[in-house]
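The values are calculated or read from the model by the stated rules, or taken from the named source; none is laboratory data. Predicted, not measured: the structure shown is a model, and the values here were computed from it. FYI the Cβ positions are ideal-geometry reconstructions off the backbone, even for glycines, and counts take in every protein chain you see.
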């Protein structure tokens, strides 16, 4: 199965979309989740009809979607033939996909959870996931941003523990633009197969389009 993955385009659609079986958008398709941005995303998703499946989760910039969640999810899914997998698990050709747009609290954005909320969430999340799609990264995995020459990890430690426990085949995210366009394996201590990790942000920290969607075969 060929997966085409992207994140954090923030209303910039000036990129090529490779062929594949499943299209995955890991959130932050907009700046604020305004109605016109949601319609633009819906039309773009609708145009990606070469894919058998189109999956997505909201990001912290999708403020408008959080405020009117079910209305907008129903609208986007119906109009674009896509599936929102935020806090949801689905199966495609024997592979179980699960997603969430939740990220650590920072400012006053959308879909953010505090430390206790994230801990509880990941402790009870499904343990049979093959493909994990999150907007934000796990701690220590493609989650860094350089501040005044110093690298800082911004990922969620509870998500990291979940990945180490469940060992999905693939975990992909965006959110931290500075680590975008990167692929790395997470080697598990018990010798189990690696989890392939992807930060699919297509914009850099200056919100410039500098990368293309990432293709992974599973």
Subject >> Number of the condition not met by residue 103 [criteria: (1) over 17 Å from residue 9 (Cα atoms); (2) over 13 Å from the mean Cα position of the chain (by Cα); (3) surrounded by 22 or more Cβ atoms within 10 Å (Cβ to Cβ)] >> reply: (2)
**OP:** Quick one: residue 174 ticks every box in (1) surrounded by 17 or more Cβ atoms within 10 Å (Cβ to Cβ); (2) farther than 16 Å from residue 99 by Cβ; (3) out of contact with any helix residue (DSSP H, G or I) (no Cβ under 6 Å at 6 or more places or on another chain) except a single one, so which number is it?
**Re:** (2)
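Residues are listed down the side, and each one gets a yes or a no for (1) surrounded by fewer than 21 Cβ atoms within 10 Å (Cβ to Cβ); (2) under 16 Å from the mean Cα position of the chain (by Cα):
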position	(1), (2)
128	yes, no
135	no, yes
156	no, yes
164	yes, no
167	yes, no
182	yes, yes
198	no, yes
**OP:** Specify the residue that is modelled with the lowest pLDDT; the eligible residues are those in region 107-157 that are in a loop (DSSP other than H, G, I, E, B) and closer than 16 Å to residue 58 by Cα.
**Re:** 108
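Residues are listed down the side, and each one gets a yes or a no for (1) surrounded by 21 or more Cβ atoms within 10 Å (Cβ to Cβ); (2) out of contact with any helix residue (DSSP H, G or I) (no Cβ under 7 Å at 6 or more places or on another chain):
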{"site": "26", "(1), (2)": "yes, yes"}
{"site": "63", "(1), (2)": "no, yes"}
{"site": "66", "(1), (2)": "no, yes"}
{"site": "80", "(1), (2)": "no, no"}
{"site": "93", "(1), (2)": "no, yes"}
